[in-house]
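For reference, the structure is listed below as structure tokens.
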Amino acid sequence: MAASVLLFGCGGKQPQQTMLRPVGPMAGRIEGLWWFIFWITLAVFVLVIVALTAAASTRRVEGALPPEIHPDETGEQRRFRRVAVCTGLTFAVLFVILVYSIRTGAYMNALVSKNPLTVEVVGHQWWWEFHYPNSDASMYVVTANEMHVPVKTPVVLLTSATDVIHSFWAPNLQGKRDLIPGYQTAIWFQADQEGTYRGQCAEFCGAQHAHMAFNVVAETPEKFRAWLEQQRKPANNPADAVAQHGQEVFLRGPCVMCHTIRGTGAGARVGPDLTHLASRSTIAAGSLPNNAGSLAGWITNSQAIKPGNRMPPISLPAQDLQALVKFLRSLN
Ligand code: HEC
Ligand SMILES: [Cu+2]
């Protein structure tokens, strides 16, 4: 039972989120350091417990005098030497760990490439915005909570935030990096295996910090290029009368004050870009699977799902809601 609970977290179809299964060079180094520290601390733990047990189980000899009145010079010296050796060893081990940590830290910036993929990541309370910049405005891509990258390609992330400090952490790929409002930093990573890797905000950022997750989808360069091409397109036109009605509901409702759907009149930037909403696997930063039921529930009362988030509850007549959901589902 316990084993199955443990295994549930690691395997199956769920996206992975563990630094113990690195899929890139940086994460590999971090894992190496982690195991190094793990084995050392395990050995120290076992030694301490053995020493403690030995000391606790030593019997006092019946009738022996207490040490003050019966000084034991040689025994005292022996104990002093032991403590000195153990203290020295502790310093030595900590020093080795320090050097290893510094070298690992230095390696985090070692991936340099003249031709990396650049992705800008912006942290919001409580969702992620990913930009794929391009000097040609019609090729500029903005998406939310799901980043795609080609495998075996260096990626440079330019990080920032709009409100408070967040922290970008996809443990299978890299260490953490704080996203600081008004201050851009760069962090590199590379995914060597295809897969979906879950990441999470790692800096407490308010009420919904725990519901601020994202996915990194690492795929073959061909699939990645196809994805990028699709994301560059403006939104699909509504295919039928119901979706058409849904688009009208969207455009005349409050949605346009906060969301962008490229190709329509909606161009606000308070919430996630919805141009290709249906291409994503989750909504609300990993809070819900992206399907019709979730969308309807989210629109009607997102505050019940993610209390405190920046989208107000919006009640619509049933027909309007259904048409709106149908329209949103067509935005692939
Ligand atoms: C006051 C601003 C505001 C209004 C108005 C608003 N939204 Fe939102 N919306 C947001 C914010 C902010 C988020 C992100 C919330 C989060 O995940 O923390 C969001 C998230 C969403 C999402 C999930 C997107 C994703 O990829 O995770 C959908 C879908 C959505 N809104 C649809 C709508 C629709 C449809 C309307 C109109 C009926 C609407 N919103 C009105 C601000 C708004
Ligand atoms: Cu955060």
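Screening the candidates PHE224, PHE214 for the property of being among the aromatic types (Phe, Trp, Tyr), within 22 Å of PRO154 (Cα to Cα), open to solvent by less than 60 Å² (accessible area, probe 1.4 Å) and more than 15 Å from ligand 1 (Cβ to nearest atom) yields one hit, PHE224. Under the condition of being within 24 Å of GLN14 (Cβ to Cβ), in contact with a helix residue (DSSP H, G or I) (Cβ under 7 Å, 6 or more places away or on another chain) and of a type outside the set (S, T, N, Q), the residues counted in the stretch 287-308 number 7. For the stretch 88-107, the condition holds for no residue, the condition being that it is in a strand (DSSP E or B), out of contact with any helix residue (DSSP H, G or I) (no Cβ under 8 Å at 6 or more places or on another chain), in the same structural domain as ALA186 (by TED's automatic domain parsing) and within 30 Å of ALA210 (Cα to Cα). When the stretch 163-210 is limited to residues that are of a type in the set (Ser, Thr, Tyr) and either over 18 Å from ALA285 (Cβ atoms) or part of a loop (DSSP other than H, G, I, E, B) (or both), the one that is least open to solvent (accessible area, probe 1.4 Å) turns out to be THR185. In the stretch 123-150, the residue that is nearest to ligand 2 (Cβ to nearest atom) out of those that are open to solvent by 20 Å² or more (accessible area, probe 1.4 Å) and among the aliphatic types (A, V, I, L, M) is VAL142.
Taking the criterion of being within 15 Å of ligand 1 (Cβ to nearest atom) and not polar (S, T, N, Q), the residues of the stretch 200-211 that qualify are CYS201, CYS205, GLY206, ALA207, HIS209, ALA210, HIS211. Annotation note: Cβ proximity below 9 Å between a residue of the stretch 177-190 that is within 16 Å of ligand 1 (Cβ to nearest atom) and a residue that is open to solvent by less than 60 Å² (accessible area, probe 1.4 Å) and small (Gly, Ala, Ser) (sequence gap 6+ or interchain) occurs for LEU179/GLY123; LEU179/SER160; LEU179/ALA161; LEU179/SER167.
Per-residue answers, yes or no, for (1) within 6 Å of ligand 1 (Cβ to nearest atom); (2) open to solvent by 30 Å² or more (accessible area, probe 1.4 Å); (3) within 22 Å of the chain's Cα centre (by Cα):
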position: GLY271; (1), (2), (3): yes, no, yes
position: ALA278; (1), (2), (3): no, no, yes
position: GLY286; (1), (2), (3): no, yes, yes
position: ALA296; (1), (2), (3): no, no, no
position: GLN303; (1), (2), (3): no, yes, no
position: PRO307; (1), (2), (3): no, yes, yes
position: ARG310; (1), (2), (3): yes, yes, yes
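Filtering the stretch 147-176 to residues that are of a type in the set (Lys, Arg) and either under 12 Å from the mean Cα position of the chain (by Cα) or within 16 Å of ligand 1 (Cβ to nearest atom) (or both) leaves only LYS176. Filtered by the rule that a residue be touching a Phe, Trp or Tyr at 6+ places or on another chain (Cβ under 9 Å), under 18 Å from GLY286 (Cα atoms) and of a type in the set (S, T, N, Q), the stretch 111-162 gives THR143, ASN145.
The values are calculated or read from the model by the stated rules, or taken from the named source; none is laboratory data. Worth saying up front: this structure is predicted, and the values here are computed from it rather than measured. Positions of Cβ are generated from backbone atoms using ideal geometry, with glycine treated the same way; all protein chains shown enter the neighbour counts. Only protein heavy atoms, including side chains, enter the accessible area calculation; ligands, DNA and RNA are left aside. Shrake-Rupley method; radii C 1.70, N 1.55, O 1.52, S 1.80 Å.
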